[in-house]
């Protein structure tokens with residue numbers, strides 16, 4: 001079974017890693033399985049986890065919504 005890192009998932013769905021981590025923290029995307037290696041734990045994303053994150057992006061993340069233009 002293929003697994004992905006958080007950075008790989010972010011790259012594949014087209015958002016920054018910070019955005020993906022914010023979605024996890026806010027509960028917008030389900031937390032993937034974690035594995036512990038000598039202290040720190042790491043998220044191990046499955047293909048189903050990746051697809052769920054992509055669905056969230058397609059439903060709620062509108063392209064081009066960035067900062068408002070400043071008035072001169």
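Values quoted throughout were computed directly from the atomic coordinates according to the rules given, and no laboratory measurement underlies them. This structure is a prediction, so every number in the text was calculated from the model and none was measured. Every residue, glycine as well, gets a Cβ built from its backbone with ideal geometry; the counts of neighbours run over all protein chains shown.
Observations
- Label-to-label distance, residue 41 versus residue 61, with points set 7 angstrom from Cα along the beta-carbon direction: 2.3 nm.
- Zone of residue 52's modelled label, taken as backbone nitrogen in the stretch 1-39 under 13 Å from a point 7 Å along Cα→Cβ: 24-25, 27-34
- Here the convex hull built on the C-alpha positions of the stretch 6-57 has a volume of 73 cubic angstrom per residue.
- Peptides 48-55, 14-21 ranked from most to least packed by the mean count of surrounding Cβ atoms within 10 Å: 48-55, 14-21.
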